[in-house]
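One structure below.
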Ligand SMILES: [Zn+2]
């Protein structure tokens with residue numbers, strides 16, 4: 001897995017495409033970030049004696065697209081997205097689901113551990129993507145702190161930087177769009193006293 005911080009950042013970044021946040025951007029970013037980091041709580045299954053490779057253990061059902069869809073609906077409920085109408089609720093749930101699904105997808109590009117049960121419960125297979133540049137984050141604290149520098153470097157390169165570029169492009173695109181719309185609105189306003197000339 002990438003570190004929980006990187007999963008959180010990915011979810012928070014995805015929250016920017018959610019509709020009608022109306023001054024609640026930080027709350028959306030926080031909730032989406034938590035949804036994206038949440039699937040790794042499945043490591044507690046180890047303490048219950050559930051073996052790695054079991055659908056209910058690490059990288060199993062909790063990392064699937066189906067579970068992400070459920071988390072998306074929970075996220076939209078927490079954010080009371082229904083206040084903006086049913087359409088807004090379901091779009092928010094979908095974007096929150098994408099944030100939660102980003103967890104499994106990021107795990108699929110790590111270079112270690114067991115594959116991800118991304119299609120559970122419909123398919124019990126464990127999958128990786130062909131390109132796996134992110135260093136896996138070990139469970140053991142001693143091993144983790146021994147290699148934490150390399151892990152963070154690989155996450156900055158392959159996750160943080162692309163997210164920062166995408167986020168900046170999105171903000172610039174939005175500004176240009178709004179500027180164009182404002183200009184169009186002013187162009188549509190008739191000049192005072194122009195009638196009858
Ligand atoms: Zn994970």
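The values are calculated or read from the model by the stated rules, or taken from the named source; none is laboratory data. Treat the numbers as computed from the prediction; the structure is a model and nothing was measured. Neighbour counts run over all protein chains shown; Cβ positions are idealised from the backbone, glycine included.
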Item checked: Residue tally, condition surrounded by 24 or more Cβ atoms within 10 Å (Cβ to Cβ) and either away from the ligand (no atom under 12 Å from the Cβ) or in a helix (DSSP H, G or I) (or both), over segment 54-66 -> 2
Notebook entry, point to check: Which number in (1) under 20 Å from residue 26 (Cβ atoms); (2) modelled with pLDDT of 95 or more; (3) over 18 Å from the mean Cα position of the chain (by Cα) marks the one condition that residue 98 misses?
Noted result: (3)
Margin query: With the structure loaded, tell me whether residue 81 is modelled with pLDDT of 95 or more and buried (at least 17 other Cβ atoms within 10 Å of the Cβ) or whether it fails that test.
Written below: no
Next item on the list: Give me a count of the residues in segment 120-143 that are in contact (Cβ under 8 Å) with a residue 40 or more places away in the chain, buried (at least 16 other Cβ atoms within 10 Å of the Cβ) and assigned to a loop (DSSP other than H, G, I, E, B).
Entry: 4
Notebook entry, point to check: residue 151: out of contact with any strand residue (DSSP E or B) (no Cβ under 7 Å at 6 or more places or on another chain), buried (at least 18 other Cβ atoms within 10 Å of the Cβ) and more than 14 Å from residue 65 (Cα to Cα), yes or no?
Noted result: yes
Notebook entry, point to check: Can you name the residue in segment 79-119 that is in a loop (DSSP other than H, G, I, E, B) and in contact with a helix residue (DSSP H, G or I) (Cβ under 8 Å, 6 or more places away or on another chain) and, of all such residues, is farthest from the ligand (Cβ to nearest atom)?
Noted result: 79
Checklist line | Candidate set: segment 120-158, residues that are under 19 Å from residue 54 (Cβ atoms) and in contact with a helix residue (DSSP H, G or I) (Cβ under 7 Å, 6 or more places away or on another chain); chosen: the one nearest to the ligand (Cβ to nearest atom) | finding: 139
Notebook entry, point to check: When the residues of segment 1-53 are filtered to those that are more than 23 Å from residue 141 (Cα to Cα) and not in a helix (DSSP H, G or I), which remaining residue is nearest to the ligand (Cβ to nearest atom)?
Noted result: 18
Note to self: Going residue by residue through segment 164-185, is there one that turns out to be outside any loop (DSSP other than H, G, I, E, B) and within 24 Å of residue 67 (Cβ to Cβ)?
What the structure shows: no
